[in-house]
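Asks: Take this structure, written in structure tokens, and hold onto it; I'll ask about it next.
The values are calculated or read from the model by the stated rules, or taken from the named source; none is laboratory data. All of these numbers come straight from a predicted model, not from anything done at the bench. A quick note on method: Cβ atoms are made from the backbone with ideal geometry, for glycine too, and the neighbour counts reach across all protein chains shown. Surface accessibility is based on the protein's heavy atoms, side chains included, excluding ligands, DNA and RNA. Shrake-Rupley method; radii C 1.70, N 1.55, O 1.52, S 1.80 Å.
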Amino acid sequence: ECRMSWEQLGSGCYWFGSEELTFTEAIAYCTRHGGHLLTLSPPGNQLTLLTNRLQSDTVYWTSGTDAFSEGNWEFLMTATPVMPLHWALDINSPSASQDSLHCAAITDHGLVKRKCIHRLPYICHIL
């Protein structure tokens with residue numbers, strides 16, 4: 001059972017923050033509130049539950065980043081790799097300066113790359 005104000009999806013407890021924060025601010029917020037910025041398990045039930053829950057055109061921070069080793073995407077809280085099936089299908093579409101995009105956010109289609117200084121809502125969860 002989840003704490004008050006946290007939402008249960010499958011067996012997990014999630015907080016969908018509506019305030020727009022940078023990547024590092026979102027990490028700090030989740031930690032202060034007893035959770036962690038979203039880490040995804042291998043593609044499957046959790047990813048499906050979350051993408052089905054998200055509204056079209058919404059983007060939320062996850063803990064995915066390659067800031068420590070460029071090109072090696074991992075979830076910050078667990079150091080587990082971001083799997084190819086986590087990414088939205090259009091992940092390789094042309095984008096302005098792809099090399100400055102070091103943080104991953106989730107949409108209703110999967111993960112997308114964003115600049116870590118962008119201000120986005122976030123998803124906290126309890127591991």
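Asks: Helix 23-32 against the longest principal axis of the chain: what's the angle in degrees, Cα atoms only, rounded to the nearest 10?
Replies: Roughly 20 degrees, rounded to the nearest 10.
Asks: Still on this model: Heavy atoms only, probe 1.4 Å: what % of the accessible area of the stretch 1-123 goes to carbon and sulfur, would you let me know? Kindly include the intermediate steps, with their values, before the conclusion.
Replies: On the way: 3630 of 6810 Å².
Carbon plus sulfur share of accessible area: 53 percent.
Asks: Pop the C-beta distance of Ser100 and Asn45 into the FRET formula with R0 = 25 Å and round what comes out to the nearest 0.05. Display every interim value, and only then the final one.
Replies: Values: r = 33 Å, r/R0 = 1.32.
For Ser100 and Asn45, the calculated efficiency is 0.15.
Asks: Ordering Glu20, Glu70, Glu25, Glu1 from largest to smallest accessible area (1.4 angstrom probe), what's the sequence? Please report the intermediate quantities before stating the final value.
Replies: Details: Glu20 105, Glu70 130, Glu25 70, Glu1 210 Å².
If we order Glu20, Glu70, Glu25, Glu1 from most to least accessible, we get Glu1, Glu70, Glu20, Glu25.
Asks: Also: So between Glu7 and Leu54, what do we pick up on full extension, going 0.36 nm a residue minus the alpha carbon distance?
Replies: Numbers: separation 47, 0.36 × 47 = 16.92 nm, distance 1.28 nm.
That pair, Glu7 and Leu54, stretches by 15.6 nm at full extension.
Asks: Can you list, bin by bin at 10 Å, the percent of alpha carbon pairs in the chain, starting at 0?
Replies: That works out to 14, 49, 32, 4, 0, in percent per bin.
Asks: What ranking, highest mean first, results for peptides 44-54, 73-83 when packing means the other Cβ atoms within 10 Å averaged over each residue?
Replies: On the way: 44-54: 15.0, 73-83: 16.8.
Put in order of decreasing packing, that is 73-83, 44-54.
Asks: In addition: Determine how large the accessible area of Ile27 is when every protein chain is in place; take a 1.4 Å probe and give Å² rounded to the nearest 10.
Replies: Its accessible surface works out to 30 Å², give or take rounding.
Asks: So for the pair His118, Ala67, with labels modelled 7 Å out along Cα→Cβ, what separation do we get in nm?
Replies: If labels sit at His118 and Ala67, their model points lie 1.5 nm apart.
Asks: How much mean residue ellipticity at 222 nm does the chain get from its helices, if each DSSP H run of length 4 or more adds -39500 (n - 2.57) and you divide by all residues, to the nearest 500 deg cm²/dmol? Provide the component values of the computation, followed by the final result.
Replies: On the way: 2 runs with 19 residues, N = 127.
My calculation for the chain gives -4500 deg cm²/dmol from helical runs alone.
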